[in-house]
Amino acid sequence: MIELIDCKLNFKLKCKIQNVPTLAMDENHKSDDNDNNGNVKLETNPKTKIPALYRVLMMNDDYTPMEFVIEVLEKFFQKNREEATQIMLHVHQRGVGVCGLYAYDLAETKAIQVMNYARKFEHPLQVQLEKE
């Protein structure tokens, strides 16, 4: 009787061992999805989204001097004298003008810098962001 139980136990153990899939692969059956350590490789070219761009808009007011607006455009938006003058005149004539087009973080930073700089010199210059 003990021999029969031992035989059944050995048979069950052998069956279980045979049904377990092997984790290690030999040299002839290497998978392209695994590296040498058995780790699964991830996609090598992740898909990234292009960030949304925002316009930095300058608003016209009756108190900020034109020369100060040109200075701001040159200092914070890297415009040359001609471009800065064109934008300043556009703001003066139409009430609003685009200073530049940037990712949100950069646009927000530039807007804050301009507003702080204007406040420092006691000018009411206003700058806003608009999603493109």
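The values are calculated or read from the model by the stated rules, or taken from the named source; none is laboratory data. A quick note: this is a predicted structure, and the numbers were derived from the prediction, not measured. Cβ coordinates were reconstructed from backbone atoms using ideal geometry, including for glycine residues, and neighbour counts include every protein chain displayed. The protein model used for the area step is the full one, side chains on, heavy atoms only, and it has no ligands, DNA or RNA in it. Shrake-Rupley method; radii C 1.70, N 1.55, O 1.52, S 1.80 Å.
Results, tabulated for the structure shown:
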{"item": "Condition met for L129 (modelled with pLDDT of 95 or more, outside any strand (DSSP E or B), of a type in the set (A, V, I, L, M, F, W, C) and open to solvent by 40 Å² or more (accessible area, probe 1.4 Å))", "result": "no"}
{"item": "Test result for I87, aliphatic (A, V, I, L, M), open to solvent by 40 Å² or more (accessible area, probe 1.4 Å) and outside any strand (DSSP E or B)", "result": "no"}
{"item": "Conditions (1) open to solvent by less than 30 Å² (accessible area, probe 1.4 Å); (2) within 23 Å of the chain's Cα centre (by Cα): number failed by L101", "result": "(1)"}
{"item": "Every pair of residues 6+ apart whose Cβ atoms lie under 6 Å, when the first sits in segment 70-94 and is within 13 Å of V56 (Cβ to Cβ) while the second is modelled with pLDDT of 95 or more and among the small types (G, A, S)", "result": "L73/A84; F77/G100; I87/G97; V91/G97"}
{"item": "Test: residue in segment 49-67 that is at pLDDT 95 or above, assigned to a helix (DSSP H, G or I) and either open to solvent by less than 80 Å² (accessible area, probe 1.4 Å) or among the acidic types (D, E) (or both)", "result": "yes"}
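Conditions tested, residue by residue: (1) closer than 19 Å to M115 by Cα; (2) open to solvent by 100 Å² or more (accessible area, probe 1.4 Å); (3) in contact with a strand residue (DSSP E or B) (Cβ under 8 Å, 6 or more places away or on another chain); (4) at pLDDT 95 or above.
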position: I2; (1), (2), (3), (4): no, yes, no, no
position: H29; (1), (2), (3), (4): no, yes, no, no
position: E71; (1), (2), (3), (4): yes, no, no, yes
position: Q93; (1), (2), (3), (4): no, yes, no, yes
